[in-house]
Every structure is written in structure tokens, then in C-alpha cells.
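Participant: Starting off with a structure, shown below.
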Amino acid sequence: MKVTNAEIVISAVSKKQYPNDQLPEIALAGRSNVGKSSFINKLINRKNLARTSSKPGKTQTLNFYRINDAFYFVDVPGYGYAKVSKTEREKWGVMMEEYFQTRETLKAVLLITDIRHEPTRDDIQMYEFLKHFDLPVVVVATKLDKIPKGKRAQHIKRTINTLQVDKGDLVLPFSAETGEGKDEAWGILKKYL
Ligand SMILES: Nc1nc2c(ncn2[C@@H]2O[C@H](COP(=O)(O)OP(=O)(O)OP(=O)(O)O)[C@@H](O)[C@H]2O)c(=O)[nH]1
Ligand SMILES: [Mg+2]
């Protein structure tokens with residue numbers, strides 16, 4: 001996909017703020033600091049449109065990026081960051097439920113995991129949460145550049161086993177650093193858009 005236009009449309013915290021132009025949407029979920037914003041930037045060839053940070057918890061709102069006036073990437077706030085108050089966590093839960101449960105233009109969710117590590121309990125819960133809402137899920141195992149070639153297959157297998165990924169769901173190795181998996185990602189996304 002040739003991206004000629006990408007812009008942030010809104011940082012939303014509730015449904016009434018979501019864009020209502022009915023364009024199809026792809027959301028990115030995953031642990032705080034895992035690389036969700038970096039994934040978006042890599043796919044659209046923009047260094048920092050989706051703001052990234054080496055500190056977890058950068059994205060706190062649902063950020064809607066309109067791409068080529070054709071669809072949205074929605075950058076979802078991460079989970080699993082320890083230094084978050086109970087109130088914050090509850091707010092996050094309400095926001096997630098409202099979005100994933102009711103968003104009719106949502107075509108698929110990319111669950112971003114860190115290929116270096118075994119998926120966490122939060123990752124497993126998120127995968128189950130998305131499946132519960134019957135949403136198509138693609139698991140993107142990112143930071144592939146950090147794993148030597150000979151060990152990659154074994155890391156992917158662990159991701160599949162721990163998340164108990166359904167047979168029909170894809171698991172895509174990816175690196176925002178090297179761009180590995182980028183063309184495959186577009187190939188997958190096109191089917192949903
Ligand atoms: N080596 C490597 N580093 C990456 C990759 N993707 C992201 N990072 C780094 O991981 C850190 C977090 O990336 P972000 O894209 O901000 O992560 P996020 O999931 O959006 O984080 P929150 O918004 O806090 O939830 C940054 O320092 C990135 O440079 C990757 O594929 N390879
Ligand atoms: Mg982010």
C-alpha cells in the first residue's frame with residue numbers, strides 16, 4: 001500500500017468523540033511499551049506520527065489516524081504497566097469495553113506482543129477479551145530484530161502456545177526496526193479493509 005496521506009484525527013476517551021465518517025478501522029492492542037505506535041509509523045513510513053517513547057504509558061487515549069482518507073489505524077493505550085493507579089486502570093477498562101464492544105467499523109485487531117518474551121497474563125486476557133467480542137485478531141510478534149534467525153521459530157511457537165491462538169488466526173513476526181513483516185502486514189490488512 002502506498003501511503004500518501006496520514007493524519008491524526010482525534011485522541012478520544014469516549015464514544016461520542018470517535019470519528020463518524022464510517023471508514024473501516026484497524027485497532028492495535030498490546031502491552032505498554034511493546035511497540036504499537038512504532039508499528040503504525042513503520043507501516044505508513046512516518047518517523048513519529050504516532051508518538052513513541054522508551055517510557056511506558058505514552059499513549060493514554062484512543063488515537064485515530066486516518067490513512068489515505070481510506071481507513072483508520074486506532075492506537076489503543078497499552079496495558080500491564082505496573083505504575084498505574086487503580087482508578088486509572090478502571091478508566092482504561094471502561095474505555096476498552098466501550099470501544100471494542102460497540103465499534104461497528106472495526107474490522108480487525110492487531111494484538112502486538114514482544115517476540116522476546118512469553119506472552120503475559122495480560123496478553124492472554126486481552127486475546128480472550130477480543131475473541132469474546134468475536135473480533136478478527138492478528139497477533140503481531142514484534143521486535144523480531146532482537147532475536148537471532150535460528151531462534152525465531154521457537155519464539156513464535158511459544159507465542160502461539162501461550163496465547164492458545166486459534167487455528168484460523170495469523171501470527172506475524174515483525175520488526176519496526178528493520179521493516180521485516182511489513183509487506184506481509186499490508187497483505188493481511190488489505191483483506192480486512
Ligand atoms: N528493537 C526494536 N525496538 C522497537 C521495535 N518496536 C518498538 N521498539 C521500541 O520500543 C519502545 C516502545 O515503542 P512504542 O511504539 O512507543 O510502544 P507502544 O506500544 O506504543 O507504547 P505505549 O504507547 O506506551 O503503550 C520504543 O523505544 C521503540 O523504539 C522493534 O521492532 N524493534
Ligand atoms: Mg504508543
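Participant: For the chain, take every pair of Cα atoms, bin their distances at 10 Å starting from 0, and report each bin as a whole percent.
Facilitator: Spelled out per bin, shortest first, that is 9, 39, 39, 12, 1.
Participant: Considering every pair of different Cα atoms, what Kirkwood radius, in Å, is found for region 1-89?
Facilitator: About 13.5 Å for region 1-89.
Participant: Against the globular-protein guess of 2.2 N^0.38 Å, express the Cα radius of gyration of region 1-42 as a ratio, rounded to two decimals.
Facilitator: It is 1.36.
Participant: Report the FRET efficiency, 1/(1 + (r/R0)^6), for Gln125 and Asp69, where r is their Cβ-Cβ distance and R0 is 30 Å, rounded to 0.05.
Facilitator: Approximately 0.30, to the nearest 0.05.
Participant: Right, something else. How long are the semi-axes of the equivalent ellipsoid of region 128-193, defined as square roots of 5 times the Cα gyration tensor eigenvalues? Whole Å, largest first.
Facilitator: Each semi-axis is √(5λ); the values are 21, 17, 9 Å.
Participant: Considering Cα pairs under 8 angstrom that are at least six residues apart, work out the relative contact order of region 1-93 and quote it in whole percent.
Facilitator: Once normalised by length, the contact order is 37 percent.
Participant: Follow-up question, since we're still on this one. Using the per-residue mean of other Cβ atoms lying within 10 Å as a proxy for protection, in what order, highest first, do the peptides 3-13, 42-52 fall?
Facilitator: Most protected by this proxy first, the peptides run 42-52, 3-13.
Participant: Across 5 Å bins from the origin, how do the percents of Cα pairs in region 58-143 run, short distances first?
Facilitator: Once binned at 5 Å, the Cα pair distances of region 58-143 give 3, 11, 22, 27, 21, 12, 3, 1.
Participant: Which entries in Lys15/Lys167; Lys86/Lys190; Lys16/Lys167; Lys47/Lys107; Lys42/Lys157; Lys36/Lys167 show an alpha-carbon gap greater than 31 Å?
Facilitator: Cα-Cα > 31 Å for Lys15/Lys167; Lys86/Lys190; Lys16/Lys167; rest within.
Participant: Still on this structure, please answer the following. Ignoring everything except DSSP H segments at least 4 long, calculate the 222 nm mean residue ellipticity for the chain; use -39,500 (n - 2.57) per segment, divide by total residues, nearest 500.
Facilitator: -9500 deg cm²/dmol
Participant: Next question, about the same structure. Over region 68-193, calculate the relative contact order: mean separation of alpha carbon pairs under 8 Å at least 6 apart, over the residue count, as a percent.
Facilitator: 24 percent
Participant: Still on this structure, I have one more. Taking amide H atoms as placed 1.01 Å from N in the peptide plane, list the residues 5 or more away in sequence, or in a different chain, whose amide H sits under 5 Å from that of Val34.
Facilitator: Residues meeting the criterion, in which the H sits 1.01 Å from N, do not exist here.
Participant: Report, in whole Å, the centroid distance computed from the Cα atoms of region 138-193 and region 1-79.
Facilitator: Going from one Cα centre to the other spans 19 Å.
Quick note: the coordinates plus some simple rules give every number you see, no bench work behind them. Note that the coordinates shown come from a computational prediction; the quantities given were computed from them, not determined experimentally. Every residue, glycine as well, gets a Cβ built from its backbone with ideal geometry; the counts of neighbours run over all protein chains shown.
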